[in-house]
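Worksheet: one structure, shown below.
Here, each number is a calculation from the coordinates, and none is a lab measurement. Worth saying up front: this structure is predicted, and the values here are computed from it rather than measured. Note that we place each Cβ from the backbone using ideal geometry, even for glycine, and neighbour counts take in every protein chain shown.
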Amino acid sequence: MKHRIQMIITDLDGTLLSPQQTVSRTDYDTLIKAGNKGILRVLATGRSLFSLSKVIPDEFPLDYVIFSSGIGVIDWQQKETIFSSVIEGSIINEFADSLIRESFDFMVHKPVPNNHYFYYHHNDTADPDFWKRVNLYGPYAERLNGNLKFMKQASQFVIVCNGYKGEDYHFKHQVAPLTVIRATSPINDRSTWIEVLPEAASKSKASARLAEYCNIDPSGVVAIGNDYNDADLLDWAPNAYIMENAPESMRTFGRLTTSNRNSGFSKAVHQEVNFEEYND
């Protein structure tokens with residue numbers, strides 16, 4: 001028996017956003033219809049709230065936002081953070097030292113709600129995408145001089161890999177108790193980023209926690225994504241859809257829907273939801 005859908009969780013870049021960084025009229029209307037039928041609309045993005053504000057206005061039709069790949073969850077209507085996670089000081093400094101020794105270019109972000117502030121370390125061969133991100137954050141980005149012993153808590157590390165194959169990152173199994181995920185840069189859609197998060201953070205962990213908070217059984221959740229950092233979310237959700245524009249290796253993580261050029265978000269939702277069957 002098919003379960004009634006109560007929550008829709010969607011990725012942003014490459015999923016809800018078109019290549020032109022806009023949301024189609026069709027997808028916008030689908031979000032409105034879902035809200036009118038009492039279905040919770042959740043955005044699960046790798047972007048910080050600062051970065052999200054560049055592409056999504058305050059009045060956008062959402063109920064919750066999982067931001068920074070699951071570091072925090074915000075009630076979108078009230079603009080209040082429901083929960084967030086941190087990396088503690090001793091782990092921050094130890095991991096930063098290992099990245100410096102191995103010549104990685106990285107940023108380390110302050111805790112929520114100030115996680116748009118970060119310190120950065122770079123080498124002479126830093127990828128142009130690294131500098132684009134530093135410039136994008138402008139006054140919120142500060143060059144790291146020395147170690148991070150002064151930092152008591154952090155929200156995440158973002159490592160920009162210059163010519164480095166993300167799927168082979170060899171420190172993945174050396175950073176317990178942290179969560180390590182691969183992502184594609186939302187800035188140039190090509191560069192590999194490695195995000196290192198608190199152990200309690202990921203899109204799937206934040207989604208599970210939010211579903212419990214809203215008293216929703218996971219069987220009533222639809223999840224839609226397109227990139228490597230959506231893999232755990234799509235693996236968790238019983239009703240998972242993958243965008244046509246996703247990397248080939250991601251095609252096994254859900255049912256295929258059309259691309260973000262062709263409102264694949266709406267097509268996936270309509271596969272699961274018959275709005276005529278829902279009471280207002």
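In this calculation the C-beta distance from ASP235 to ASP29 is compared with R0 = 25 Å, giving a FRET efficiency of 0.30. When the Cα gyration tensor is reduced to axis lengths a ≥ b ≥ c, the ratio a/c is 1.5 or higher for segment 80-130, and with a/b not above b/c it is classed as oblate. Using the empirical formula 2.2 N^0.38 Å as the baseline, the Cα radius of gyration of the chain reaches a ratio of 0.99. Proximity of backbone amide H atoms, modeled 1.01 Å from N, is registered between LEU256 and ILE242 at under 5 Å, excluding neighbours fewer than 5 places apart on the same chain. Comparing ILE32, ILE224, ILE71 in a Gaussian network model of the chain (Cα springs below 10 Å), the most mobile by mean-square fluctuation is ILE32.
In a DSSP loop and with at most 12 other Cβ atoms within 10 Å, the GluC sites (Glu not before Pro) in segment 1-91 are GLU59.
Extending 7 Å from Cα along the Cβ direction at THR81 and again at GLN20 yields two label points whose distance is 3.6 nm. In a reduced charge model with +1 at each Lys and Arg Cβ and -1 at each Asp and Glu Cβ, the chain shows a dipole moment near 160 debye about its Cα centre. Over segment 1-150, Cα pairs under 8 Å with separation of 6+ residues give a relative contact order of 15 percent. When peptides 14-21, 96-103 are sorted by average Cβ neighbour count within 10 Å, with the highest value leading, the order is 14-21, 96-103. A simple count of charges around CYS214, restricted to other residues whose Cβ falls under 13 Å of its Cβ and scoring Lys, Arg +1 and Asp, Glu -1, yields -2. Label zone (ARG261, point 7 Å along Cα-to-C-beta; backbone nitrogen cut-off 19 Å) within segment 213-245: 225-227, 242-245.
Each peptide in 194-204, 122-132 receives the mean, over its residues, of other Cβ atoms within 10 Å, and ordering these scores from highest gives 194-204, 122-132. Counting Lys and Arg as +1 and Asp and Glu as -1 over every other residue whose Cβ lies under 10 Å from the Cβ of TYR117, the net charge comes to 0. Working note: 222 nm ellipticity from helices only, DSSP H runs with n ≥ 4, each -39,500 (n - 2.57), summed and divided by the residues of the chain, gives -6500 deg cm²/dmol to the nearest 500. For segment 223-280 versus segment 4-69, the spacing of their alpha-carbon centroids is 13 Å. Looking at the chain alone, DSSP beta bridges between its own residues are antiparallel in about 60 percent of cases. How fast does segment 185-280 diffuse by Stokes-Einstein, in µm²/s, taking the Kirkwood radius from C-alpha pairs at 10 °C and 1.306 mPa s? Roughly 109 µm²/s, to the nearest whole number. Straight-line reach only, C-alpha to C-alpha below 19 angstrom: list the aspartates and glutamates that LYS267 could link to, leaving out same-chain residues fewer than 8 apart. Leaving aside aspartates and glutamates fewer than 8 places away in the same chain, those within reach of LYS267 are ASP11, ASP13, ASP27, ASP29, ASP227, ASP230, GLU244, GLU276, GLU277.
Using only the Cα atoms of segment 87-198, build the gyration tensor, take square roots of its eigenvalues as a ≥ b ≥ c, and label the shape rounded, prolate or oblate: rounded if a/c is under 1.5, else prolate if a/b is larger than b/c, else oblate. It is rounded, given that a/c, with a ≥ b ≥ c, falls under 1.5.
What shape does segment 1-144 take by its C-alpha gyration tensor, where a ≥ b ≥ c are the square roots of the eigenvalues and a/c under 1.5 counts as rounded, a/b above b/c as prolate, and the rest as oblate? The shape class here is prolate. Close amide H pairs (under 5 Å, H built 1.01 Å from N) link ILE87 with ALA154, SER155, residues at least 5 positions away or on another chain.
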